[in-house]
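The values are calculated or read from the model by the stated rules, or taken from the named source; none is laboratory data. Treat the numbers as computed from the prediction; the structure is a model and nothing was measured. Using ideal geometry, Cβ is built from the backbone for each residue, glycine included, and neighbour counts are taken over all protein chains shown. Calculation scope for accessible area: heavy atoms of the full protein, side chains included, ligands and nucleic acids excluded. Shrake-Rupley method; radii C 1.70, N 1.55, O 1.52, S 1.80 Å.
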Amino acid sequence: MQLLVNTLIAGSFAAIMATGLALVYGVLRVFNLALGQFALVGGYVTWWLVQPLGLPLPVGILGGIVCGALVSWLSFEIAVRPFYKRHPLLPLVSTIALSQILDGLIQLIFKEQTRSILIRAKEMVHLGSAVISMEQIKLIIFTVVLLSATAWILHSTSIGRRIRATVAHSQAAESLGISSALLHRLVFIISGTLAAIAGIYVGIDQNLTPVLGFTITIKAYAALIAGGKGNIWGAVIASYFIAAIEQLAVGIKWFGYYLPAGYQGSVALMLIIVLLLIKPTGLFGRTSRFA
Amino acid sequence: MNKKLFVVSGALFFAACASNKDVIKIGTIGPLTGDGQSYGQDNLNAIRLRIDEINDAGGVNGKKIELVSEDAKCNGSDATSAAQKLVNIDKVAAILGGVCSSETLAAASVTEPAKMILLSAISTAPAVTDAGDYVFRASPSDANKGRELSKYFEREGYKKIGIITENTDFCQGLRTTVKNTMGSGASLAFDELVDQGTKDYRSLLTRLKDTDFDVIFINGQTDATNVEMVKQARELGIKQPFAGSDTSDSATMGQLAPEAVEGMRVINTSNKLGEGGADSFAAKFRAKYGEPKANLSYATLGYDSAGVLAEALKQVPTLDGAALRDALYNMNYAGAAGTISFDKNGDVVGIGYALKEFRDGKIVEIEDIEISLQ
């Protein structure tokens, strides 16, 4: 029971990151390696508004989200838009550069120190045999709401239909009059905003250090690829799946023995490799046809 | 055009060589970014303070000391490149560092063949003892700290001991000594190794909760990971006491999770090292850099390591590596932390420990522990 709760906590965070990543990859076919830094921007701005400035938490969260959106918009204009039409791999390099610049800026502005958005002890709730904090319940519920909202936007609004059309076949979508420039910018900002929200999660539930960015990015990519590149729901399910494996790997006995905790991360990634060997398109990837 | 460039760069090269004669370069290695930076910064600031004082007083044998600081991010590979740069490119006279034990052990593989002094202020892994003839340290080996922790567990009547260890040289060394020095009747009820930088310990701690144990030794490499272990353990309802070492002796932990760390006991070099009146090291450090980010003893030992090295450099104007080494072995230096000398392995003699406790988010020293050499 506790393991299920732990999975939900870890998975919610990963799912939000992966959704943004899958959106960007699905629509722009671009790898954004600065996503973890967008998350840190969100987390740190919220910390700054809540801790040193003493503003209420909701204001801080809003500020973090707005800043995350602004930074991702700027990043799109500077590091992605000028390059991605020329070659899909160019943004790979430019976003690595961007991630290092952002890392540097975060260290410069927020100093090299471990930060936590909420300092007081959390109110713990008992659910059967499991323990969970109020904050974590809110995070889990909020993720479900956020993901449902994304689903609604994708499936029931005109923007969503345009996004799905572009994912399905970008040239055909463009020939039908879907303005890709605007759509691409929008999708990139949405993904950055989702990352910022995920960063605020980390800041509330755990703590922030300026070196976290790359680790966050890599985990999101693992989910993206395991879920079938560009498939949003695949990425979401894969995020929860990876979280579940990570928690189960150390939490229960395997053949009478506990697995050493140091293998927690590797076990999940190993399973992804096995999965990709069996099904190279990922959990929910469509088998693409080359004609 | 090319010729001109050649002449200009040649002139610059000779100019650089000429100016090198008037200064003694000392390298530093430590974490300036990343999770370990709080103690890396304290250490470096204190070294700077001591070097500035020496330079203001006329330098060493009339030469000013120039610091070349490298960021090794608390890991071996960055420390190796830092040491290579300092030895081969900057051609420093000696190196102060590393700070994390992984840094010191990796850097030693470069400095030892080059016969260069590597003097670490606060690396405490037992393996540093045998790292080389030119490797010294100003902080006692964890072989002592592990033993003192075991004795403390015995005194408190803790029989079933749990350890969560982050997978680094420093933490592994401490885990091994605690394991080997446990009193009769005591046993390890829980002994787990986690990846460096892990932040989500919930499932591991869920398992710990189902284990029957008396005390849990939080053995992480940095305060950023320790505070997560402690916080998540209390959130899951684990009630047993926590014990820690150097890396938990950090003011940051008290600020990040005051309720969770309340009552946690820590064994480390005393915070009062360097504390004193208006002329003390502590007063000078605070005036220039404010409160230490992790704890004062890291700064004090950094300050003394710079002082010891400068004293050795003064005795050996040729800056020859072997002569510097011998000078250090014969050193008896009255520093801010106490009288510092080195045993035959280059480990410090004369610095003890204190037992500390977190109270209301602050670290309070309960008693001094003198290291009994067994």
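Annotations
- Among the residues of the stretch B:151-171, those identified as at pLDDT 90 or above, surrounded by 21 or more Cβ atoms within 10 Å (Cβ to Cβ) and not in a loop (DSSP other than H, G, I, E, B) are B:Phe153, B:Ile161, B:Gly162, B:Ile163, B:Ile164, B:Thr165, B:Glu166, B:Cys171.
Residues are listed down the side, and each one gets a yes or a no for (1) away from chain A (no Cβ under 14 Å); (2) more than 26 Å from B:Gly76 (Cβ to Cβ); (3) outside any helix (DSSP H, G or I); (4) touching a residue at least 12 places away in the same chain (Cβ under 8 Å):
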{"site": "B:Thr176", "(1), (2), (3), (4)": "yes, no, no, yes"}
{"site": "B:Gly183", "(1), (2), (3), (4)": "yes, yes, yes, yes"}
{"site": "B:Glu192", "(1), (2), (3), (4)": "no, no, yes, yes"}
{"site": "B:Thr225", "(1), (2), (3), (4)": "no, no, no, yes"}
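- Considering only residues in the stretch A:254-267 that are assigned to a loop (DSSP other than H, G, I, E, B) and at the interface with chain B (Cβ under 9 Å from one of its Cβ atoms), the one that is farthest from B:Asn219 (Cα to Cα) turns out to be A:Tyr258.
Each row is one residue, and each column tells you yes or no for (1) over 22 Å from the mean Cα position of the chain (by Cα); (2) in contact (Cβ under 8 Å) with a residue 60 or more places away in the chain; (3) farther than 21 Å from B:Lys64 by Cβ; (4) open to solvent by less than 40 Å² (accessible area, probe 1.4 Å).
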| residue | (1), (2), (3), (4) |
| --- | --- |
| B:Leu309 | no, yes, no, yes |
| B:Leu328 | no, yes, yes, yes |
| B:Ala334 | no, no, yes, no |
| B:Ile340 | no, yes, yes, yes |
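- Residue ID - least open to solvent (accessible area, probe 1.4 Å), chosen from residues in the stretch B:52-73 that are outside any loop (DSSP other than H, G, I, E, B) and among the polar types (S, T, N, Q): B:Asn55
- Scan of the stretch A:107-142 for residues that are farther than 24 Å from B:Ala233 by Cα and more than 10 Å from chain B (Cβ to nearest Cβ), ordered by number: A:Leu108, A:Ile109, A:Phe110, A:Phe142
- Any chance B:Gln84 is open to solvent by 20 Å² or more (accessible area, probe 1.4 Å) and either of a type in the set (Gly, Ala, Ser) or free of Cβ contacts under 8 Å to residues at least 40 places away in the same chain (or both): yes
- Any hit, the stretch B:99-107, residues being outside any helix (DSSP H, G or I) and out of contact with any His (no Cβ under 9 Å at 6 or more places or on another chain): yes
- Selection over the stretch B:254-308 of residues that are of a type in the set (D, E, K, R) and within 22 Å of A:Lys111 (Cβ to Cβ) gives a count of 4.
- For the stretch A:230-239, the set of residues classified as farther than 23 Å from A:Gln37 by Cβ and either surrounded by 24 or more Cβ atoms within 10 Å (Cβ to Cβ) or within 14 Å of chain B (Cβ to nearest Cβ) (or both) consists of A:Gly234 only.
- Filtered residues of the stretch B:107-146 (kept if among the polar types (S, T, N, Q) and within 23 Å of B:Val316 (Cα to Cα)): B:Thr111, B:Ser120
To keep it simple, each residue is scored yes or no on (1) part of a helix (DSSP H, G or I); (2) within 14 Å of another protein chain (Cβ to nearest Cβ).
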| site | (1), (2) |
| --- | --- |
| A:Ala173 | yes, no |
| A:Val187 | yes, no |
| A:Thr193 | yes, no |
| A:Ile204 | yes, yes |
| A:Thr215 | yes, yes |
| A:Ile218 | yes, yes |
| A:Gly228 | no, no |
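- Tally of residues being facing chain B (nearest Cβ under 10 Å) and open to solvent by 50 Å² or more (accessible area, probe 1.4 Å) across the stretch A:86-106: 0
- For the residues B:Phe281, B:Phe242, the requirement of being closer than 27 Å to A:Ser116 by Cβ and not aliphatic (A, V, I, L, M) singles out B:Phe242.
- So A:Ile153, is it closer than 30 Å to B:Pro31 by Cβ and in contact with a Gly (Cβ under 6 Å, 6 or more places away or on another chain): no
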